[in-house]
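Peer 1: Here you go, one structure.
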């Protein structure tokens with residue numbers, strides 16, 4: 001075990017929630033310590049008791065994947081929701097995935113939209129696919145195109161293919177509307193980043 005991991009273990013034992021979360025990640029992946037998902041869960045729970053950011057999402061992921069615990073999507077959703085409502089992109093996307101797998105598409109779309117509006121490439125690509133496939137949700141080519149434009153701007157290759165497919169199904173006017181919506185989301189994301197930078201500088 002290297003010196004850095006030893007320091008983390010000492011800090012975690014003393015109740016430092018950030019160290020507990022980070023050490024949990026190491027145990028989950030087996031980096032510098034034995035791989036032990038159950039120990040990762042124990043550490044994540046300790047961190048969550050102090051409301052450490054991303055600890056609830058990490059617990060949700062273990063229940064989602066069935067690592068260190070029995071797989072339980074309902075329990076995973078409970079933990080994801082704690083951070084999804086606070087704006088965690090990963091939690092929002094993972095909630096969307098669970099609801100999609102349960103065929104609860106209204107809830108899935110709600111969480112994918114929230115994540116997409118906050119800049120999640122995965123959510124944008126998901127929305128572009130779901131809203132244009134005509135299978136799992138009501139088709140909305142304009143909204144699908146809106147999210148695919150943003151995903152393509154983030155250099156997602158699969159979304160490039162999907163965008164060409166969807167663009168062939170709409171009029172030039174509809175495409176302009178989709179592009180307008182995409183620009184509006186992009187502007188809002190830029191404003192959000194500026195606000196984050198200002199807050200960081202004040203600290």
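Here, each number is a calculation from the coordinates, and none is a lab measurement. Just so we're clear, the structure is a prediction, and the values are computed from it rather than from any experiment. Glycine also receives a Cβ, built like all others from the backbone with ideal geometry; neighbour counts cover every protein chain displayed.
Peer 1: Put a dot 7 Å past each Cα toward the Cβ at residue 161 and residue 192; how far apart are the dots in nm?
Peer 2: Distance between the two pseudo-spin positions: 2.8 nm.
Peer 1: Give, in nm to one decimal, the length gained when the segment between residue 183 and residue 168 is fully stretched (0.36 nm per residue of separation minus the Cα-Cα distance).
Peer 2: So the chain would gain 3.4 nm between residue 183 and residue 168.
Peer 1: For residue 29 and residue 105 in the same chain, what is the full-extension length gain: residue separation times 0.36 nm, less their Cα-Cα distance, in nm? Present the calculation step by step, with values, prior to reporting the outcome.
Peer 2: On the way: separation 76, 0.36 × 76 = 27.36 nm, distance 3.21 nm.
Extending this stretch completely gives an extra 24.1 nm.
Peer 1: Here's another thing I want to ask about it. If you fit an axis through the alpha-carbon atoms of helix 17-29 and take the longest principal axis of the Cα set of the chain, what angle between them do you get, 0 to 90°, nearest 10?
Peer 2: Tilt of helix 17-29: around 80 degrees.
Peer 1: Could you work out how much longer the chain between residue 201 and residue 85 gets when fully extended? Use 0.36 nm per residue separation minus the Cα distance between them, nm to one decimal.
Peer 2: Working it through step by step, the gained length comes to 39.2 nm.
Peer 1: So, one more: What is the angle, in °, between the Cα long axis of helix 141-153 and the longest principal axis of the Cα atoms in the chain? Nearest 10 is fine, range 0 to 90.
Peer 2: In the chain, helix 141-153 runs at an angle near 60 degrees to the longest axis.
Peer 1: Divide by every residue of the chain the summed helix terms, -39500 (n - 2.57) for each DSSP H run of at least 4, and state the resulting mean residue ellipticity at 222 nm, rounded to the nearest 500 deg cm²/dmol.
Peer 2: Using -39500 (n - 2.57) per qualifying helix, the result is -24500 deg cm²/dmol.
Peer 1: Additional query: Can you give the relative contact order of the range 126-203 as a percent, counting alpha carbon pairs under 8 Å and 6+ residues apart?
Peer 2: Reported as a whole number, the value is 27 percent.
Peer 1: Work out the FRET efficiency for residue 140 and residue 36 from their Cβ-Cβ distance, taking R0 = 45 Å, and round it to the nearest 0.05.
Peer 2: For residue 140 and residue 36, the calculated efficiency is 0.50.
Peer 1: Give the residues of the range 1-29 whose amide nitrogen is closer than 15 Å to a point set 7 Å from the Cα of residue 67 in the direction of its Cβ.
Peer 2: Answer for this model: 21-29.
Peer 1: Residues in the range 1-36 near a label at residue 51, defined as backbone nitrogen under 16 Å from the 7 Å Cα→Cβ point?
Peer 2: Within reach of a label on residue 51: 17-18.
Peer 1: Could you state the angle between the C-alpha long axis of helix 121-133 and the longest principal axis of the C-alpha atoms of the chain, as a value from 0 to 90 degrees rounded to the nearest 10?
Peer 2: Taking the Cα atoms of the chain, the angle to 121-133 is about 40 degrees.
Peer 1: Distance between Cα centroids, the range 104-124 to the range 66-89: provide it in whole Å.
Peer 2: 16 Å
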